[in-house]
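One structure below.
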């Protein structure tokens with residue numbers, strides 16, 4: 001399954017219209033305690049979608065629906081005031097979509113890894129088999145993980161390998177693995 005790439009700080013605003021609009025929306029996003037991950041104006045048939053992707057800048061807490069709803073309302077007020085200014089003036093109508101990056105989006109920046117401390121990751125590196133590992137630490141150079149070794153037989157618990165440090169430069173792709181808890 002192909003996943004859309006997650007924006008790096010250099011590509012958060014992929015087109016000139018988004019880059020022009022971002023400074024007007026960022027203060028409102030920041031005022032809600034969030035970080036503007038991505039912003040894009042995407043044509044979808046006869047309509048245009050203004051996609052605003054937000055997340056917390058630090059910590060491991062997930063953005064809840066009430067926070068997204070409040071931000072969406074506040075952005076709507078800002079956008080109504082900006083309706084006659086470019087780039088919105090050239091868009092006949094648009095739909096505002098406020099969302100989070102999603103649980104399985106690729107991790108591309110140290111901040112993305114720090115937001116997922118303690119989570120299970122799938123990590124790809126050139127010349128190495130894909131690794132499933134628990135994220136233990138993040139430092140300026142890379143991440144420390146404990147590899148999760150699959151159980152040899154069904155019903156047995158997986159084993160955990162020793163902590164391993166992986167440099168950011170050696171990671172070709174990393175994403176969070178969704179874990180389901182079983183309640184008894």
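The values are calculated or read from the model by the stated rules, or taken from the named source; none is laboratory data. All figures in this text were calculated on a predicted structure; none of them were measured in a lab. Here the Cβ is made from the backbone with ideal geometry for all residues, glycine too, and neighbour counts use every protein chain on show.
Each row is one residue, and each column tells you yes or no for (1) outside any strand (DSSP E or B); (2) in contact with a helix residue (DSSP H, G or I) (Cβ under 8 Å, 6 or more places away or on another chain).
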| site | (1), (2) |
| --- | --- |
| 123 | no, no |
| 129 | yes, no |
| 151 | yes, no |
| 155 | yes, no |
| 163 | no, no |
| 174 | no, yes |
| 179 | yes, no |
| message | Please determine whether any residue of segment 85-94 is surrounded by 11 or more Cβ atoms within 10 Å (Cβ to Cβ), in a strand (DSSP E or B) and in contact with a strand residue (DSSP E or B) (Cβ under 6 Å, 6 or more places away or on another chain). | response | yes
| note | Looking across segment 1-22 at residues that are more than 15 Å from residue 76 (Cα to Cα) and at pLDDT 85 or above, the single one that is surrounded by the fewest Cβ atoms within 10 Å (Cβ to Cβ) is 16
| query | For residue 62, which of the numbered conditions (1) outside the structural domain of residue 168 (by TED's automatic domain parsing); (2) in contact (Cβ under 8 Å) with a residue 24 or more places away in the chain; (3) in contact with a helix residue (DSSP H, G or I) (Cβ under 8 Å, 6 or more places away or on another chain) fails to hold? | reply | (3)
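Here's the yes/no breakdown for (1) assigned to a strand (DSSP E or B); (2) in contact with a strand residue (DSSP E or B) (Cβ under 8 Å, 6 or more places away or on another chain):
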{"position": "50", "(1), (2)": "yes, yes"}
{"position": "66", "(1), (2)": "no, no"}
{"position": "75", "(1), (2)": "no, yes"}
{"position": "79", "(1), (2)": "no, yes"}
{"position": "96", "(1), (2)": "yes, yes"}
{"position": "116", "(1), (2)": "no, yes"}
{"position": "137", "(1), (2)": "yes, yes"}
| field | Selection status of residue 71, within 11 Å of residue 100 (Cβ to Cβ) and assigned to a helix (DSSP H, G or I) | value | yes
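Conditions tested, residue by residue: (1) closer than 18 Å to residue 41 by Cα; (2) over 14 Å from the mean Cα position of the chain (by Cα); (3) at pLDDT below 95.
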| position | (1), (2), (3) |
| --- | --- |
| 62 | no, no, yes |
| 70 | no, yes, no |
| 84 | yes, yes, yes |
| 94 | yes, yes, yes |
| 102 | no, no, yes |
| 106 | no, no, yes |
| 122 | no, yes, no |
| 133 | no, yes, no |
| 152 | no, yes, yes |
